[in-house]
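The values are calculated or read from the model by the stated rules, or taken from the named source; none is laboratory data. Keep in mind it's a predicted model, so treat the numbers as computed, not measured. Here Cβ is always computed from backbone atoms with ideal geometry, including for glycine, and neighbour counts include all displayed protein chains. Protein only, heavy atoms only, side chains kept; ligands, DNA and RNA dropped before computing areas. Shrake-Rupley method; radii C 1.70, N 1.55, O 1.52, S 1.80 Å.
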Amino acid sequence: MGHAIQAEGLVKCFGETTALAGVDFRAPPGTVLGLLGPNGAGKTTAVRVLATLLQPDGGQASVGGFDVCRDPHRVRQLIGLTGQYASVDESLTGQENLLLIGRLLGMRRADARRRARELLERFGLADAAGRAVNTYSGGMRRRLDLAASLVGQPPVLFLDEPTTGLDPRARTELWELIRRLVSEGTTVLLTTQYLDEADELADEIVVIDRGEVIAHGTPDELKDQTGGRTLAVQPADAAHVPRVRATVAELTGAEPRVKGNRVTAPVTDPGVLPAVVRRLDDAGVLVTELALRGSSLNEVFLTLTGRPTTREPGAEPAAGAGRGTERETT
């Protein structure tokens, strides 16, 4: 089966800064590929290259079998792009925004109106179709932005941190919309600062750090690669945290994390749990929590990169391109 999205040895530099240093990843049709990385990792840069907004300095990338450098016009006809910030015109109504995009795509007015009505209904915005977008909530604007990227019915969708700034309910609603699109055959490349979002949506995850791929696999495979389980210990007395930390470090061979009174560390041997129990019992340390559980993606990420993932500050929003238009960038 061919790949809907493919990057091989992708390189992009900005002056003396290397944003991408030979990145490889691919996504089969009808799947979600999650790109994760800490600040400045290169996630948005990779999306902008694939969306033909940036020219790579090395390597190659293709969408739907078309090279992003040799066939940018063909690529743009296949993609939809939702950036980190809603790109719809707030002075227009929801329907007018979608109609405008349809007309820019070369659709006949009647077809553009029909497509706008379909999308507004599908995204739960029909009742607000005639209202100016500046009266919409944040969640409604993000849904309209996603609808706008789908006017041309693209088979490939780039979502660059699509739920940034949304409340939990709006995020969940957007997740359901994304799942529905994928079930209908759409391929999605998702960058996100929310690890639970990647865990929920991604079929495969690529972890990028300092412009390089440092790990890839399904969420479960990544958890297995970094120990697969996490030991959590919380002493009843905060004064015993240093002893608990030292005990956990010695028995797990890992560097524990301490948050408040809670000490956690990745483990590979489930026999560590009874050993910790015996050691702390001998030391007279009373604990209020002692558990061995599956690692979260957040713990996997910290193990791989040594720091949490957050949004790349100063990254140019990728909104406003894609959408199947023939617009060139400079």
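Assorted remarks:
- Heavy-atom accessible surface of the chain: percent carbon and sulfur, 1.4 Å: 47
- Considering only 259, 12, 223, the Gaussian network model of the chain with Cα springs below 10 Å gives its largest mean-square fluctuation to 259.
- Folded to 0 to 90 degrees: helix 94-104 orientation relative to the chain principal axis, Cα: 60
- Using alpha-carbon coordinates, inclination of helix 138-149 to the longest axis of the chain, degrees: 60
- Sorting 111-117, 168-174 by their mean Cβ neighbour count within 10 Å, with the most densely packed peptide first, gives 111-117, 168-174.
- Set of segment 47-71 residues, backbone N closer than 13 Å to the point 7 Å along the Cα-Cβ line of residue 8: 59-63, 65-68
- If you plug the beta carbon distance of residue 258 and residue 224 into 1/(1 + (r/R0)^6) with R0 = 30 Å, you get a FRET efficiency near 0.75.
- Peptides ranked, highest mean first, by Cβ atoms within 10 Å: ranges 50-56, 193-199: 50-56, 193-199
- Each label point was placed 7 Å from the Cα along the Cα-to-Cβ direction; for residue 132 and residue 70 their separation is 4.9 nm.
- Placing pseudo-labels 7 Å out from each Cα toward the beta carbon at residue 278 and residue 103 gives an inter-label distance of 7.8 nm.
- Of 83, 253, 37, the one that fluctuates the most in a GNM where the chain has Cα springs shorter than 10 Å: 253
- For the chain, the 222 nm mean residue ellipticity estimated from helices alone, with every DSSP H stretch of n ≥ 4 adding -39500 (n - 2.57) and the total spread over all residues, rounds to -10000 deg cm²/dmol.
- Using only alpha carbons, segment 85-216 has a radius of gyration to Kirkwood radius ratio (Rg to Rh) of 1.00.
- Heavy atoms of the protein chains alone define the surface here; on that basis the chain has 45 Å² accessible area per residue at 1.4 Å probe size.
- Between 0 and 90°, nearest 10: helix 168-183 axis offset from the chain longest Cα axis: 70
- Distance between the pseudo-spin-label points of residue 90 and residue 212 (7 Å out from Cα toward the beta carbon): 4.3 nm.
- Cβ-derived FRET efficiency at R0 25 Å, residue 250 paired with residue 203, nearest 0.05: 0.05
- Quotient of C-alpha Rg and 2.2 N^0.38 Å, computed over the chain: 1.15
- Distance distribution note for segment 216-282: the fraction of Cα pairs above 15 angstrom is 51%.
- Highest mobility in the GNM of the chain, judged by mean-square fluctuation with C-alpha springs under 10 Å and restricted to 78, 104, 119, is found for 104.
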